[in-house]
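J.: Okay, handing you the structure first.
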Amino acid sequence: MAQVDAAQVRVSPALNSKEFHFFVSHEWGVHDKAIKIAQKLRDKGLEAWLDEKDMSGSTDSSMANGINSSTVFLVLATQKYMEKINSGNQADNCLKEFQYAGNKRFDRIVVAALESDMTKAASQWTGPFQLGLARQKPVDLTELSDKAIDRLANAIQTRIDTPEASSDFTPRLRDLKASLNPCSSEAWAKGKAENFTLGTRSWIVDELCKWYSDNKSAVFILVGDGGVGKSVIMAELCHRGGALKTDEDVEKSKADERVEPRRKSSRVRSLWRRSKKERQPIFVAAYHFFRHDQVTTAAPKEALVSIAWQLCLSVPGFADVLDSVSFGGIRDKPLADVFQTILVDPLNNLGSDQTRQVVVLDALDECSKSDDVLTKVIRTWKDVMPSWLSLVVSTRPEGEIQRGITNNSLDSKVLELKDEENFRDIEKHIEHLLCDMKDTVEQKDVASCAEILSERSEGLFLWASFLPETLNRMKEEKQGGVLTLEDISHKDAIPNGLGGMFEEYFERLRDKMGGEDAYQSLLTPIVAAREPLSVEQLTVILDKTKKKTKKIVGDARNLLYQGGDGRVALIHKRMADWLLDDDLSGNLGVDVEDGHTALADYCSSSRDDIFSLRHAVFHLVKSGRRAEAFKLLNDFAWVKSAVSVGDDEAQRRATIGNLIRDCVELDIYFAPESDTPRFLSKAVHALSYDPNELASQVLARLGHDSKGPLARSLQTPDQPWLEPIRVTLAHPRDPLLHVLKGYSDSVLSVAIQGDTIVSGSDDDTVRIWNATSGEEQHVLKGHSGDVNSVAIQGDTIVSGSSDKTVRIWNATSGEEQHVLKGHSDYVRNYVRSVAIQGDNIVSQSPNETRYWNARTGEALDADEAEASTTPGTKTLVNTENGTHVKLSGGIGFTTDHAITYTACQGSVYVIGDESGMVHILHVQGIEPRTYNHNVNLSPMGSLI
């Protein structure tokens, strides 16, 4: 006993004298073994808290103090210990320790299994014990061998070294965050929120609150030109809605640590009361701010993943539901599937008694695939999302976005530059700025100065962001006294409009940099880059010292944004637009091709830089250096480095996916100079999982005898690996490019045009696919019967169905444009085939052919269709009596069996009949125009 006591004294210094590395929780039957384990771990430099000698005062307080003063909570797992936890006996000390540690040390638990059954967590752990330790992998300590103790010591040390988790994060949340690996736009949004002037934008807030309280529609879209302050409004909404904390909020919470943190609902109501106006508070559950100059934050799938993570923190029960979802490789799925998998399905599995909240998406126009987000997320939101979660979006009124908003009849508030309210807001904002410049502007003139300056702003808040420096410079030039109303009202004192302000500031930058060459060398790569550049990268590009580069960036502080990571980009997308438009910027404009050249040079000189590995191929091809791009793609060592970029499987998958998409965009995916883009498409799953498989994948797909440059440059791994002895996996040039999955029933019809595939199915849907990437673009719903035929021409898709209708769709947006009804109600008179040529559509059923105007959807007779067909290209096909096809204006062809489909490519017609026979006919005597029926020969030549 004396020896035991001595051991206890040695392994457990007095509780008040120091902290401990780990607390030992065990049932009394293994107490002696616990002492031995503690002794062995102490020899490895790990101090233990054990109960008997470290007890002082009450048992409960001693255990609580012991757990609090220990970094890790060590469970010595036995069957009896588990029974104690599962018993629910609140008087049991093991249960008390277990529950207390679950709250205080949930991220610092280690389990050592002292019995063989306890090593089998999946099958032998049960009840609250299993639930509390569900994410723990036990260390096998059934024998107290040196190796077993080493494993336990390593497990404890790993927990000690792991950064402390937020007290808000449960083990489930920690695991979900690691699995989702979400990006964050918090820093950017916080900066915008801190630029908000209280008292402005009340009219926009009123519109939002009215929409929110009326609860008649699920989506609110704020539309306004660049520079009017949409992002600041969205950031303020996130701030008031409780999803975003500014630095001021953080400081306020630190100021009085005695006060318990307020619940989110209380903080939100307090923020909404600042306006001194009775409004229903809008709670924000999640947000994402798109950034055109950052690949990750511009990506729509990243936005959805970020929102899903935030919902785990803001919506009760969502994390539990999402945790049961399999979302491995989620970023490889089509956007619609990502939306369905991590948002739609989990949210609809929650109860309907949730607090009403909104999701905020800012700067949709800066999203890399804004049309996809509009059609697959925003357009479907009201139909697929629970009624308690609404959506607020801001965007510039650009092209398809504006048309989509108009055609889909979504609620939107247009921010007009000439709105009286807008000018009142900007005047108040400028007045607020001037009041903060007491040493620069005569305060008695502030109101009058603000009125003059608001007129010069042309309603743009971005213009006002240049005012402080402009006014400070004017004061310096005045050389004495503050600026008066007379100084500011002088017509040439301050530039009018954003164009005038850009011209002055970019011209000053050019002068500061010493002329045109230095000016261009700075701005062209920044404009051309697809993500912000670091000061170190700019130092190499500019061929300057780091000190000089920092000074250049500092001199351009009104034009360049430098984030917390030190990377540099233009402050606003509108600046890039202005610089690239020669009509606006004149001799201050930049040539983006020069930027690609500069970045290509950088990538060539810094091959191993992360930026280079991500973007070298893109900038080399954009600068006309295709041969150099292919040299990289054919270099095994470079490809190995490129596919290794990323800290985990998800990040590597994104890197490889971006490289493949670049090759598609650059039109080199099918280039004969390199098989690598197609190789990566087939091997992305394996390489994102383990880049070290590259050699195995190359040999399994290309073979040992391959003459291809990637195989010839192969480098064997410097560690044990599996070497394929023959080709067993699909070759990069395998004619099967993609298997397009998504239908729930048979596919009845397909058509292809360029890079777009259209298909129709028994499941009543039409789907649009990207032929190169295989990605699903749109699911078109509207038919109530089988889709027997599809055709595509330009931006128009036509579909014919067993529901006796023909439908016209927009190929880009997926929007339904017309429903054509006219085929008779005869029971077998389903629409069997459709074709489109020019402005004419032909639809056929077993006993009739009908004609339609493709633009208006109006029915035409045969003569009208014939008359409107372009002379010299009269190749419309009629099917008569089920077995005869006839060219309009020409002769026909009769088959022995009923015709099931027809198709045309150039002067070749393909006709299929019920016997399975395919008739291939060459048109003689006229020059035909291509159109499509159920099947379309490939206009790409190599693609079927």
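The values are calculated or read from the model by the stated rules, or taken from the named source; none is laboratory data. Predicted, not measured: the structure shown is a model, and the values here were computed from it. Methodologically, a virtual Cβ is constructed for each residue, glycine included, from the backbone with ideal geometry; neighbour enumeration extends over all protein chains shown. To get the accessible areas, we keep the full protein, side chains included, count just its heavy atoms, and leave off ligands, DNA and RNA. Shrake-Rupley method; radii C 1.70, N 1.55, O 1.52, S 1.80 Å.
J.: Tell me, which residue of region 747-769 that is hydrophobic (A, V, I, L, M, F, W, C) and over 11 Å from Ile792 (Cβ atoms) is least open to solvent (accessible area, probe 1.4 Å)? Talk me through it step by step, then tell me what you get.
T.: Start the filter on region 747-769 by keeping residues that are hydrophobic (A, V, I, L, M, F, W, C), which leaves 747-748, 750-752, 757-758, 766, 768-769.
Within this subset, residues satisfying the condition of being over 11 Å from Ile792 (Cβ atoms) are 747-748, 769.
Working: Val747: 80, Leu748: 66, Trp769: 7 Å².
The qualifying residue least open to solvent (accessible area, probe 1.4 Å) is Trp769.
J.: When region 702-746 is examined, which residues are found to be in a loop (DSSP other than H, G, I, E, B), at pLDDT 85 or above and open to solvent by less than 60 Å² (accessible area, probe 1.4 Å)?
T.: Gly703, Ser706, Gly708, Ser713, Leu714, Pro717, Pro724
J.: Here is a follow-up. Among the residues of region 311-338, what is the count of those that are under 14 Å from Ser184 (Cβ atoms) and open to solvent by 30 Å² or more (accessible area, probe 1.4 Å)?
T.: Residues in region 311-338 being under 14 Å from Ser184 (Cβ atoms) and open to solvent by 30 Å² or more (accessible area, probe 1.4 Å): 1 in total.
J.: Only residues in region 157-183 that are at pLDDT 80 or above and hydroxyl-bearing (Ser, Thr, Tyr) count as the first member; pair them with residues that are open to solvent by less than 70 Å² (accessible area, probe 1.4 Å) and not in a helix (DSSP H, G or I), Cβ under 6 angstrom, at least 6 apart or cross-chain, and list the lot.
T.: none
J.: Next question, about the same structure. Out of the residues in region 169-191 that are in contact with a Lys or Arg (Cβ under 8 Å, 6 or more places away or on another chain) and farther than 17 Å from Gly566 by Cα, state the one that is most open to solvent (accessible area, probe 1.4 Å). Show your work before the answer.
T.: Looking only at region 169-191, we keep the residues that are in contact with a Lys or Arg (Cβ under 8 Å, 6 or more places away or on another chain), and these are 169, 171-172, 175, 185, 188, 190.
Now narrow it down to the ones that are farther than 17 Å from Gly566 by Cα: 169, 171-172, 175.
Working: Phe169: 40, Pro171: 39, Arg172: 87, Asp175: 58 Å².
Per the stated criteria, the residue is Arg172.
J.: Okay, moving on. Kindly evaluate Gly822 against the criterion of being out of contact with any helix residue (DSSP H, G or I) (no Cβ under 6 Å at 6 or more places or on another chain), open to solvent by less than 50 Å² (accessible area, probe 1.4 Å) and at pLDDT below 75.
T.: Answer is no for this residue.
J.: Output the residues belonging to region 632-649 that are in a helix (DSSP H, G or I) and either over 13 Å from Val617 (Cβ atoms) or open to solvent by 30 Å² or more (accessible area, probe 1.4 Å) (or both). Talk me through it step by step, then tell me what you get.
T.: Looking only at region 632-649, we keep the residues that are in a helix (DSSP H, G or I), and these are 632-633, 636-643, 649.
Of everything in region 632-649, those that are in a helix (DSSP H, G or I) and either over 13 Å from Val617 (Cβ atoms) or open to solvent by 30 Å² or more (accessible area, probe 1.4 Å) (or both) turn out to be Phe636, Ala637, Lys640, Ser641, Glu649.
J.: While we're here: Six or more apart or on different chains, Cβ under 6 Å: which pairs go from a residue in region 278-294 that's outside any loop (DSSP other than H, G, I, E, B) to one that's of a type outside the set (A, V, I, L, M, F, W, C)? Could you list them?
T.: Pairs found: Val284/Gly241; Ala285/Ser314; Ala285/Gln357; Ala286/Gln310; His288/Ser185; His288/Ser306; Phe289/Ser185; Phe289/Asp362.
J.: Restricting attention to region 336-355, which residues are at pLDDT below 90 and touching a Ser or Thr at 6+ places or on another chain (Cβ under 9 Å)?
T.: Hits for region 336-355 are Ala336, Ser352, Thr355.
A quick yes/no check of all residues on (1) touching a helix residue (DSSP H, G or I) at 6+ places or on another chain (Cβ under 9 Å); (2) aromatic (Phe, Trp, Tyr); (3) closer than 25 Å to Val228 by Cβ; (4) outside any helix (DSSP H, G or I):
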| site | (1), (2), (3), (4) |
| --- | --- |
| Tyr505 | yes, yes, yes, no |
| Arg508 | yes, no, yes, no |
| Asp511 | yes, no, no, no |
| Ala518 | yes, no, no, no |
| Asp577 | yes, no, yes, no |
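J.: Of all residues being at pLDDT 80 or above and in a loop (DSSP other than H, G, I, E, B) in region 106-124, which is most open to solvent (accessible area, probe 1.4 Å)? Just the residue, please.
T.: Result: Lys120.
J.: Which ones in region 210-232 are within 28 Å of Ser465 (Cα to Cα), open to solvent by less than 10 Å² (accessible area, probe 1.4 Å) and not in a strand (DSSP E or B)?
T.: Hits for region 210-232 are Gly226, Gly227, Val228.
J.: Right, His783: within 19 Å of Thr375 (Cα to Cα) and in contact with a Gly (Cβ under 6 Å, 6 or more places away or on another chain) or not? Let's see the steps before the verdict.
T.: On the way: within 19 Å of Thr375 (Cα to Cα): yes; in contact with a Gly (Cβ under 6 Å, 6 or more places away or on another chain): no.
So His783 fails the test.
J.: Which ones in region 469-513 are open to solvent by 70 Å² or more (accessible area, probe 1.4 Å) and either touching a residue at least 40 places away in the same chain (Cβ under 8 Å) or more than 16 Å from Asp445 (Cα to Cα) (or both)?
T.: Glu476, Glu477, Lys478, Gln479, Lys491, Asp492, Asn496, Glu503, Glu507, Arg508, Asp511, Lys512
J.: Given the conditions (1) surrounded by 18 or more Cβ atoms within 10 Å (Cβ to Cβ); (2) within 26 Å of the chain's Cα centre (by Cα); (3) at pLDDT 85 or above, and given that Glu194 satisfies all but one, which numbered condition is not satisfied?
T.: (1)
J.: Of the residues Thr524, Thr549, only one is open to solvent by less than 10 Å² (accessible area, probe 1.4 Å), of a type in the set (S, T, N, Q) and closer than 26 Å to Ala299 by Cα; which? Let's see the steps before the verdict.
T.: Numbers: Thr549 fails: closer than 26 Å to Ala299 by Cα.
Within the list Thr524, Thr549, the selection yields Thr524.
J.: Determine whether Thr341 is free of Cβ contacts under 8 Å to residues at least 24 places away in the same chain and open to solvent by less than 50 Å² (accessible area, probe 1.4 Å). Before you say what the answer is, go through the steps one by one.
T.: On the way: free of Cβ contacts under 8 Å to residues at least 24 places away in the same chain: yes; open to solvent by less than 50 Å² (accessible area, probe 1.4 Å): yes.
Spelling it out, Thr341 is indeed free of Cβ contacts under 8 Å to residues at least 24 places away in the same chain and open to solvent by less than 50 Å² (accessible area, probe 1.4 Å).
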